[in-house]
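Visitor: Structure incoming, see below.
The values are calculated or read from the model by the stated rules, or taken from the named source; none is laboratory data. Just so it is clear, the model here is predicted, and its values are computed rather than measured. Virtual Cβ from ideal backbone geometry, glycine too; neighbours counted across all protein chains shown. Calculation scope for accessible area: heavy atoms of the full protein, side chains included, ligands and nucleic acids excluded. Shrake-Rupley method; radii C 1.70, N 1.55, O 1.52, S 1.80 Å.
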Amino acid sequence: MSNKEWPLWEVFIRAKQGLNHKHVGSLHAADHQMAIENARDVYTRRMEGVSIWVVESKHLHANEPSDQDSLFDPANDKVYRHPTFYVLPEELNHM
Amino acid sequence: MEINLEEQFQEKIDQEIKIEPRDWMPEKYRKTLLRQISQHAHSEIVGMLPEGNWITRAPNLRRKVALLAKVQDEAGHGLYLYSAAETLGMSRDEMLAELHSGKAKYSSIFNYPTLTWADMGAIGWLVDGAAIMNQVPLCRTSYGPYARAMVRVCKEESFHQRQGYEIMLTLSKGTAEQKALAQDALNRWWWPSIMMFGPNDDKSPNSAQSMKWKIKRFSNDELRQKFVDVTVSQAEILGLTIPDKDLKWNEARGHYDFGTINWDEFNEVVAGNGPCNKQRLKARVDAWEKGTWVREAAIAFAEKRAKRNNNSTEAA
C-alpha cells in the first residue's frame, strides 16, 4: 500500500468577469484536472466564481516574514508619491 | 530572545493583527490551534453521518435536495478547516490517522442516533444553531487561515439552521402525531445541544490562555447562555416545550436560568461510550480503507499522464 498523499493545490477564483482571480484556499488532488473539479465543488457551490486557477502549492514562492521591514519599509517616507503631498490653489478644483 | 518573541507576539494579538502561517508563534499557540481546528474539521466530516442516514428517506424532493446540499456543505466545511489546519504543519493524512485511531476527538453531539425524520429538523435548528453561536466569534479569531475558513462556513451555515427550523415548524403545525415527533426530537437533542459549548468555565482550564491569544472571544458559559436565551422564544413559536423544568426568565440577570447539565453523560460520550461512537468511527475508517485503491489509482494515473506528456514534448 502506498502512503503517498495527493499533492496540495492553491485555488484562485475569479468571482465575475472584470475582477482578478483571488486566493480562496487550498485542497488536495492527484492532478490539475482533479484539482479544478474539486475546487468547483469545494469553493463554488453558490456561484462564487466564473473561472478557476489552480497552482500546485510547491510552485509558490514567498518572501520570508522576517524580510518584511526591509522589503516594505522604504515606501513609508516617500510621501511625495501621493497626490496630497502637492499644495495647489483651491480654485484649481479637481486635479 | 524567546521571551522577547513571545512579548512581540502578544503585542500583535493585542493590536488585533492577525497571525499568518509563516509568522513566528509560540509552540503552544500552534498546538492549541492545530487541536482545535482539526477537531472542528473532524466534527464537520463525522457530522455528515447522522444526517446522511436520512437522505434517502426524506419525505419529499424539496426536503431531499435541501438535506443533500446541507450535507455537501458540511463536507466542504471540513475541507476548508483541514486546509487551515495544514498551514500549521501537520499533513492531512496525519490528521485523519489521528481521527481513525481515536486520538483526535470530534464534537460528541454526533454520537447520538437520528431516530426519526424530526431529528433532521432538531439538528438543523439546535445543533447548527449552537454551532453558529460558537462559530460567529471565530470569524475574528487571531489566526488568519482559521478566521477566513470560518467566514466561509458562517456564510453557508445560516441556511442549515433555517432549513432545520422549517422542518420543525411544518411538523409542529401538522397532525398530533407529527407534532409529537417534533417534541420527541427536541426532548432528545436539547441537552446534548447545550453540552456542545463544552465544560463550565471553571472546569475549562485552557480557556483563559485561548482568550488571551484571542483564539476564543467568549467563554463556554457565555456562549451557552446566549444560545439558551435566543432559543427559548424559537421553541415558543413552534409551540414546543424545552425539556427543562428549571428553565425560567431571571429578571435580575436579564437571562434565562436553566437546569444543571448532566456532565457525567457528556464525559461518558467524550470517552467513547455514547450510543453511536463505535458506529461513527467505523464508518469513517471503512470509508478511508475502501477508498485506498481510488487514491492510489488516481496517483498512478496522474504519474502516467505526466510521463506521457513529458515524452511527447521531448519528441517534439
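Visitor: Pairs B:155/B:203; A:22/B:155; A:4/B:103: which are spaced more than 25 Å apart, C-alpha to C-alpha?
Guide: Checking Cα-Cα distances, B:155/B:203 exceed 25 Å.
Visitor: Sort B:56, B:170, B:116 by accessible area with a 1.4 Å probe, largest first.
Guide: Accessible-area ranking of B:56, B:170, B:116, largest first: B:56, B:170, B:116.
Visitor: Accessible surface of residue B:210 in the full protein assembly, 1.4 angstrom probe, to the nearest 10 Å²?
Guide: Near enough 10 Å² of accessible area.
Visitor: So for region B:122-190, Kirkwood radius off the Cα pairs, Stokes-Einstein at 25 °C and 0.890 mPa s: how many µm² s⁻¹?
Guide: Taking Rh from Cα pairs, D becomes 188 µm²/s.
Visitor: Please list B:256, B:29 in order of solvent-accessible area, largest first, computed with a 1.4 Å probe with all protein chains present.
Guide: Result, largest first: B:256, B:29.
Visitor: Quantify, in whole percent, the carbon and sulfur part of the accessible surface of the protein assembly as shown (1.4 Å probe; protein heavy atoms only).
Guide: Solvent-exposed carbon and sulfur of the protein assembly as shown make up 56 percent of the total.
Visitor: OK, next. With a point put 7 Å past each Cα toward its Cβ, work out how far residue A:21 is from residue B:248 in nm, to one decimal.
Guide: Rounded to a tenth, the inter-label distance reads 6.3 nm.
Visitor: Applying 1/(1 + (r/R0)^6) with R0 = 41 Å to the Cβ-Cβ distance of residue A:77 and residue B:93, what FRET efficiency is obtained, to the nearest 0.05?
Guide: 0.25
Visitor: Right, something else. Just to confirm the number: angle between the C-alpha axis of helix A:32-43 and the first principal axis of chain A, 0 to 90 degrees, nearest 10?
Guide: 70 degrees
Visitor: Determine how many Å³ per residue the convex hull of the Cα atoms of the protein assembly as shown encloses.
Guide: About 256 Å³ per residue, rounded to a whole number.
Visitor: Calculate the mean, over all residues of peptide B:79-87, of how many other protein chain Cβ atoms lie within 10 angstrom of the residue's Cβ.
Guide: Taking the mean over all residues of the peptide, I get 4.
Visitor: Chains B and A: how much accessible area gets covered up at their contact, both sides added, probe 1.4 Å, in Å² to the nearest hundred?
Guide: The buried area between B and A, both sides summed, comes to about 2000 Å².
Visitor: In Å and on Cα atoms, what radius of gyration and Dmax does region B:252-298 show?
Guide: Gyration radius and largest Cα-Cα distance of region B:252-298: 19.8, 65 Å.
Visitor: While we're on this one: How big is Rg to Rh over chain B, alpha-carbon atoms, Rh as the Kirkwood inverse-mean-distance radius?
Guide: Result: Rg/Rh = 1.02.
Visitor: Using unit Cβ charges (K, R positive; D, E negative) and no other charged atoms, how large, in debye to the nearest 20, is the dipole of the protein assembly as shown about its Cα centre?
Guide: So the dipole magnitude of the protein assembly as shown works out to roughly 1400 debye.
Visitor: Run the 1.4 Å probe and let me know the accessible area of residue B:152, rounded to the nearest 10 Å².
Guide: 60 Å²
Visitor: Shifting gears a bit: How far apart, in nm, are two points set 7 Å out from the Cα along the Cα-to-Cβ line at residue B:203 and at residue A:4?
Guide: Placing both labels 7 Å along Cα→Cβ, they lie 4.9 nm apart.
Visitor: Given q = 0.16 Å⁻¹, what are the Debye log10 I(q)/I(0) values for region B:151-196, with equal point scatterers placed on the Cα positions and solvent ignored?
Guide: -0.55
Visitor: Same structure again: In a Gaussian network model over chain B where Cα atoms closer than 10 Å are linked, find which of B:79, B:115, B:169 has the largest mean-square fluctuation.
Guide: B:115
Visitor: For region A:1-61, state the semi-axes of the equivalent ellipsoid (square roots of 5 times the eigenvalues of the alpha-carbon gyration tensor), sorted largest first and rounded to whole angstrom.
Guide: Gyration-tensor ellipsoid for region A:1-61: 23, 13, 7 Å.
Visitor: Another one. Would you look at the GNM of chain B, springs on alpha carbons closer than 10 Å, and say which of B:111, B:273, B:134 moves the most?
Guide: B:273
Visitor: Could you let me know the centre-to-centre spacing of region A:22-83 and region B:265-307, using Cα atoms, in angstrom?
Guide: About 30 Å separates the Cα centre of region A:22-83 from the one of region B:265-307.
Visitor: Can you give the accessible area per residue of the protein assembly as shown, in Å², using a 1.4 Å probe?
Guide: In whole numbers, the protein assembly as shown has 56 Å² accessible per residue.
Visitor: Sorting B:44, B:6 by accessible area (1.4 Å probe), largest first, what list results?
Guide: So, going from the largest accessible area down, we get B:6, B:44.
Visitor: Quick one: of the DSSP bridges fully inside chain A, what percent are antiparallel, nearest 5?
Guide: Looking only at bridges with both residues in chain A, the antiparallel portion is about 100 percent.
Visitor: What does the accessible area of residue B:14 come to, in Å² to the nearest 10, when a probe of 1.4 Å is used?
Guide: Solvent-accessible area, nearest 10 Å²: 90 Å².
Visitor: Further question on the same structure: Can you tell which of B:184, B:264, B:244 shows the greatest fluctuation in a Gaussian network model of chain B with Cα springs below 10 Å?
Guide: Its mean-square fluctuation being the largest, the pick is B:264.
Visitor: For region B:1-149, what are Rg and Dmax over the alpha carbons, in angstrom?
Guide: 18.0, 64
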